[in-house]
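Pasting a structure here, questions to come.
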Amino acid sequence: MHERQSFFTTKQGVFTILIVILAILPLLMSDFQTNLLGRFLAFAILAVGLDLLWGYTGVLSLGHGIFFGFGAYITAIYITIESSGGGLPDFMMWSGMTELPWLWQLLSNPVAALSLAILVPMFVATLLGFFTFRNRIKGVYFTILTQALVLTMVTLIISQQQYTGGSDGLTNLQTIFGFSLSSPQTQLVLYFLTLIVLTVVFFSSLRLVNSRFGKVMVAIRDGENRLRFSGYNTAHFKTVVFTLSAGLAGLSGMLFVMQIGIVTPTMIDIIPSIEMALWVAIGGRGTLLGPVFGALLANTGSTYFSESFPEVWTYLMGLAFIIVIIYLPKGLMTIGDKLTKKRRGSHANQSAGKPTKL
Amino acid sequence: MEAILLQLFNGLSLGSILLLIALGLAITFGLMNVINMAHGELIMIGAYAAYVVQLLFLTYLPEGMFSWYFIFALPASFLLAAFFGWLLELSVIRHLYGRPLDSLLATFGAGLILQQLARTIFGAPNVGVQSPTFLAGTIEIFTLSIPASRLFILLLVAACVGFMFYYFYKTKSGMRIRAVMQNRKMASSLGINTRRVDSTTFAIGAGFAGVAGTVLTLIGPIGPTLGTAYIVDAFMVVVVGGVGMLIGTVASALGIGMFNTIFEYVTNASMGRVLVFILIILVLQWRPNGLFHLRTRSLD
Amino acid sequence: MPTSQQANLLNCEDITVQFGDFKALNHFSFELEHRELHFLIGPNGAGKTTFLDVLCGLTKVTKGNITFEKDKSIKDMPEYEIARNGIGRKFQAPSIFPRLSVKDNLELSMKQKKGIWDILRATLKNEDKERIDSQLETIGLTEEAMQEAGSLSHGQKQWLEIGMVMMQEPQVLLLDEPIAGMTEEEEEKTGDLLTKLREDCSIVVVEHDMDFVREYSERVTVMHEGALLSEGTMQEIQANDMVKEVYLGQGRVS
């Protein structure tokens, strides 16, 4: 390879430093802040998955809110059942239900619930991916279809009041595996669990994009037709990446709902779905590391501003979208790139498509 | 029989509303290949324009004149939305031609700003716009009693579509627009100012969004997020119809409206939506490029 | 080289491709033998590129049959199947993966199992490295191996794409105007490359540059309005009155 560079300027290095900081931070923060940061870490998992799909493979899904939502809802249903102590959840009784619907009964098993929280989004993504990619429906057309998926599913969730709590969502989430969700200890454990999951997801994704599979992903992004004439069934590859990405969104939703203790349709609708793409864009598409920062910074900013100056925040977020998309196609990583460029000379611009090897 | 006819009319009516919302997109997305997520906000701007015109009439003119506000609201909403569209093109979209996904995200940001602007000016809660009296009642056709406003919308949409066909296919400036969209370099070397054509075209598309906004005030109350509810449906209409084909947009809007009404009648509102979504995916299996699409030699 | 029908590598019988009312190919038949360098010429709109598109699966035929290696019918195969079966296409405009290194471009194109699982488990074995290195040498890009392919010159990109197609170890190589936009020196290099490549496979080249065709061709097929006009050596073609009329008459031959 080229001249050896210090570990701390590689993606692995920067990410490791970040993880160490994030592991220390709970000591310095209030329980509330730790919990908040834990949720953002869950978002970062989704952002990494979305980057695999959008940044590396060039397929933009604006349907990740619903995949996240599947994970969140399924997990929340399990928690609701556990919290109701075997009885019917309140909102079901209000809707006139007399016994637990079979789907819910299935989800009262923790193993089934936690696996379905990941498998259901993957399944839906496989279906949608299969039926669109094989027909060469791509680019914006695919993106619009993913938005329609969100709209359809959210409408369905809202209308099925007796199963999903309708537009109020599922709110009575109290205990998981016997531990109270409101206790700081449980939340601290969940924080570290999320941090560990993020670490595993990040390094696995980094490995993936550096493998031949990752090169296929980039090739699909930059020249899908060429790749097909090289003998690849690109539709299959895209479906797999979409499915994987949806699974990570489900995982993210699962960890998120455990930490926030509520899930409502507004959290998973069209607008949050687009905001997820913003995290990736702000951080830098096709960099893996950028979207992690993007998710953490955008959500920190959002929480801070939306509490203090809600109006200003909406304007800021709107402007951020426009500026990042027009002027900073690689987001925050543009800055990182400029720093490393001096160090690495002419090879610096490889960092997006093909991360530096150690 | 009567029930069926009524459903058919409802389908047609829904289709006409979808069509009106999608008409502007048929221009900006269909011709210019720009994904303008702020289209919904341009609709919202049109709706508030109608609201303001109505307020002015209520405040300054005698009661007998009130119903005339609608006649003024239509051009006012067209012009105001066209102006905002022109601004949007100038500030954001100009930089993003040829990058449709990026135009989607950037215009979403612009949409957020416009929404917030509306909230700042008019407040977050929905406001109602009083329909003009001549559109308030029902009209008897054969045995059906049909809301006058719905019938009016149907006719207005037909007029808009007719105008668009005429403008794009029969007039000089319409031809110029199509020339630029089909072969920018060629058109430019023939002396057409492509920048001006771009901004004009986009403004026209935005203007139609404004008209749609005025029409939506006849259906229900309006608010800053009015457009969000319709934007995705509108894009679906254009995609299913075949991008760049006005006739496709018409067929697809009416088809989706019709099926949506039928499915909702047979099941319920939300299942109806699910079924329409599945139907759209199925239609795209059969016609991946939309209902109307010319087989061409070009590689994408 | 008179050979029986069966010995042909590729047989196209009576193929028609229709776009709306326009017939881009009109009852066109074509045969390709093993290890043959075959040039396709004809005025613009003659259907040359459409024909290559049909062979690689980009365009589907309206009517007619295409058989490859005796019994494989490729007319309904998806492009990736056709590619896996040994027909490789080089496009007119260089079509490479600009953000991957030259070496990675070749690595992806290399003949290998290209299913999801195969690619997930794939590693770069020593023999793969040797194959890539020798291909790099053939196309003269050894020094540029680690560069991003997007940073190559126009000519280098063309060679890289030829190299990529060759990595597929095709039996038929389809080239669309490979020397367009090249310097004279690059043209010569490309001609030598073609002569070298045909030791391993059959090559169909669409070309407008008559000097180039004269210098490197064996068999030439002339197309006109989607149909076959004439076939033979360049001398035979140049002596053909019909060809002169529709083609040379237009002053295209320098």
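Which count do you get for residues in segment C:124-150 that are within 9 Å of another protein chain (Cβ to nearest Cβ) and either under 26 Å from the mean Cα position of the chain (by Cα) or more than 22 Å from A:Thr234 (Cβ to Cβ) (or both)?
4
OK, next. Do you know which of the residues in segment A:171-191 that are at pLDDT 90 or above and touching a Pro at 6+ places or on another chain (Cβ under 8 Å) is nearest to A:Trp54 (Cα to Cα)?
My answer is A:Tyr191.
Here is a list: A:Thr143, A:Thr126. Which entry is surrounded by fewer than 19 Cβ atoms within 10 Å (Cβ to Cβ) and assigned to a helix (DSSP H, G or I)?
When all the criteria are applied, what remains is A:Thr126.
Let me ask you something else. Quick one: count up the residues across segment C:153-179 that are buried (at least 19 other Cβ atoms within 10 Å of the Cβ), part of a loop (DSSP other than H, G, I, E, B) and of a type in the set (Gly, Ala, Ser). Can you show your working first?
Of segment C:153-179, the ones buried (at least 19 other Cβ atoms within 10 Å of the Cβ) are C:155-168, C:170-179.
Subsequent filtering for residues that are part of a loop (DSSP other than H, G, I, E, B) retains C:168, C:170-171, C:177-179.
Among the residues that remain, those that are also of a type in the set (Gly, Ala, Ser) are: none.
Qualifying residue count for the region: 0.
If we scan segment B:215-222, do we find a residue that is within 13 Å of another protein chain (Cβ to nearest Cβ) and out of contact with any strand residue (DSSP E or B) (no Cβ under 9 Å at 6 or more places or on another chain)?
No - not one qualifying residue is present in segment B:215-222.
Checking B:Val215 against (1) under 13 Å from B:Ile27 (Cβ atoms); (2) part of a helix (DSSP H, G or I); (3) touching a residue at least 12 places away in the same chain (Cβ under 8 Å), which single condition isn't satisfied?
(1)
Listed here are the residues, each with its yes/no results for (1) in a helix (DSSP H, G or I); (2) within 14 Å of the chain's Cα centre (by Cα); (3) at pLDDT 95 or above.
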site: A:Leu195; (1), (2), (3): yes, yes, yes
site: A:Leu198; (1), (2), (3): yes, yes, yes
site: A:Val201; (1), (2), (3): yes, yes, yes
site: A:Gly223; (1), (2), (3): yes, no, no
site: A:Arg228; (1), (2), (3): yes, no, no
site: A:Leu248; (1), (2), (3): yes, yes, yes
site: A:Gly253; (1), (2), (3): yes, yes, yes
site: A:Phe256; (1), (2), (3): yes, yes, yes
site: A:Trp279; (1), (2), (3): yes, yes, no
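Please note which helices (runs of 4 or more DSSP H) are completely contained in segment A:1-113 and include at least 2 residues that are loosely packed, with under 15 Cβ neighbours inside 10 Å. First the steps, then the outcome.
Details: elements: A:11-28, A:31-51, A:64-83, A:90-94, A:102-107.
The qualifying helices (runs of 4 or more DSSP H) are A:11-28, A:31-51, A:90-94, A:102-107.
Within segment B:97-125, track down each residue that is surrounded by 17 or more Cβ atoms within 10 Å (Cβ to Cβ), more than 7 Å from every other protein chain (Cβ to nearest Cβ) and farther than 19 Å from B:Ala81 by Cβ.
B:Arg99
Go through segment A:146-185 and report how many residues are of a type in the set (Asp, Glu) and part of a loop (DSSP other than H, G, I, E, B).
Matching residues across segment A:146-185 total 0.
Among the residues of segment B:209-230, which ones are under 12 Å from the mean Cα position of the chain (by Cα) and buried (at least 24 other Cβ atoms within 10 Å of the Cβ)?
Going residue by residue through segment B:209-230, those that are under 12 Å from the mean Cα position of the chain (by Cα) are B:209-216, B:227, B:230.
Scanning segment B:209-230 gives B:Ala209, B:Gly210, B:Val211, B:Ala212, B:Gly213, B:Thr214, B:Val215, B:Leu216, B:Gly227.
Report yes if B:Ser145 is away from chain A (no Cβ under 14 Å), over 30 Å from A:Lys138 (Cβ atoms) and buried (at least 19 other Cβ atoms within 10 Å of the Cβ), otherwise no.
Criteria not met by B:Ser145.
Please go through segment B:85-96 and pick out each residue that is within 11 Å of chain A (Cβ to nearest Cβ) and of a type in the set (Gly, Ala, Ser).
B:Ser91
Please work out which residue is farthest from A:Thr16 (Cα to Cα), limiting yourself to segment A:193-240 and to residues that are facing chain C (nearest Cβ under 7 Å) and hydroxyl-bearing (Ser, Thr, Tyr).
That would be A:Ser230.
Follow-up. Could you tell me whether any residue of segment B:242-256 is under 20 Å from B:Val34 (Cα atoms), within 11 Å of chain A (Cβ to nearest Cβ) and in contact (Cβ under 8 Å) with a residue 60 or more places away in the chain?
yes
Scanning for something over 27 Å from B:Leu151 (Cβ atoms), surrounded by 16 or more Cβ atoms within 10 Å (Cβ to Cβ), at pLDDT below 90 and in contact with a Ser or Thr (Cβ under 8 Å, 6 or more places away or on another chain), does segment B:170-180 turn up at least one residue?
yes
Could you list all residues from segment C:32-46 that are in a strand (DSSP E or B) and either out of contact with any helix residue (DSSP H, G or I) (no Cβ under 8 Å at 6 or more places or on another chain) or farther than 29 Å from C:Glu199 by Cα (or both)?
Of everything in segment C:32-46, those that are in a strand (DSSP E or B) and either out of contact with any helix residue (DSSP H, G or I) (no Cβ under 8 Å at 6 or more places or on another chain) or farther than 29 Å from C:Glu199 by Cα (or both) turn out to be C:Leu32, C:His38.
For segment C:68-152, which helices (runs of 4 or more DSSP H) that fit wholly inside it have 2 or more residues that are touching a residue at least 12 places away in the same chain (Cβ under 8 Å) and not hydroxyl-bearing (Ser, Thr, Tyr)?
So the answer is C:79-84, C:102-109, C:126-138.
Restricting attention to segment A:47-88, which residues are without any contact (Cβ under 8 Å) to a residue 60 or more places away in the chain and of a type in the set (A, V, I, L, M, F, W, C)?
A:Ile81, A:Leu88
While we're on this one: Condition check: surrounded by 17 or more Cβ atoms within 10 Å (Cβ to Cβ), at pLDDT 90 or above and under 22 Å from A:Ile220 (Cβ atoms). Does C:Glu144 satisfy that?
no
Does at least one position in segment C:13-27 carry a residue that is within 14 Å of chain A (Cβ to nearest Cβ), modelled with pLDDT under 90 and buried (at least 18 other Cβ atoms within 10 Å of the Cβ)?
Step one: filter segment C:13-27 for residues within 14 Å of chain A (Cβ to nearest Cβ), giving none.
For segment C:13-27, residues within 14 Å of chain A (Cβ to nearest Cβ), modelled with pLDDT under 90 and buried (at least 18 other Cβ atoms within 10 Å of the Cβ): absent.
The values are calculated or read from the model by the stated rules, or taken from the named source; none is laboratory data. Fair warning: this is a prediction, and the values are worked out from it, not measured in the lab. Don't worry about glycine lacking a Cβ; one is built from the backbone with ideal geometry, like all the others, and counts go over all protein chains shown.
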